[in-house]
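> Have a look at this one.
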Amino acid sequence: KSQTQALSMQAVLPVFHLITVIDYCTCQSNLFVCTPIQQHLIFQSVSFIPLISPAITLYNVQPYRIFAENILCLIKNKSSAKIHTISGNYATFKESAL
């Protein structure tokens with residue numbers, strides 16, 4: 001089920017390319033005012049779409065999602081790791097940023 005859902009969501013991704021192509025055509029045909037920001041967003045959206053496809057797979061396929069969550073937890077735990085120092089009968093705990 002999760003693989004079917006992931007494939008279905010990835011099958012919809014070309015729609016975003018269609019929107020980008022329509023926007024590009026309207027800029028080139030001078031039907032509307034085409035701003036530099038709009039031109040920049042056309043190319044940014046084209047480069048952003050390949051980033052979405054693996055994210056969909058990581059989110060929808062359970063083994064990949066578990067692996068990604070474990071990796072993110074390791075990164076999160078490393079940033080807030082505690083160093084335990086034991087000297088004599090006293091134990092001290094210090095926050096460290098590794």
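> What nm distance separates the two modelled labels at I42 and C73, each placed 7 Å from Cα along Cα→Cβ?
4.6
> Give me the number: length gained by fully extending S53 to I66, i.e. 0.36 nm times residue separation minus the C-alpha to C-alpha distance, one decimal in nm.
Contour length minus the Cα-Cα distance gives 2.9 nm.
> In terms of the Cα gyration tensor, with a ≥ b ≥ c the square roots of its eigenvalues, is region 1-58 rounded because a/c is under 1.5, prolate because a/b exceeds b/c, or oblate?
Prolate, because a/c is 1.5 or more and a/b exceeds b/c.
Any read-out appearing in this document is the output of simple, stated calculations on the displayed coordinates, not a laboratory observation. Just so it is clear, the structure is predicted and the values come from calculations on it, not from any experiment. FYI the Cβ positions are ideal-geometry reconstructions off the backbone, even for glycines, and counts take in every protein chain you see.
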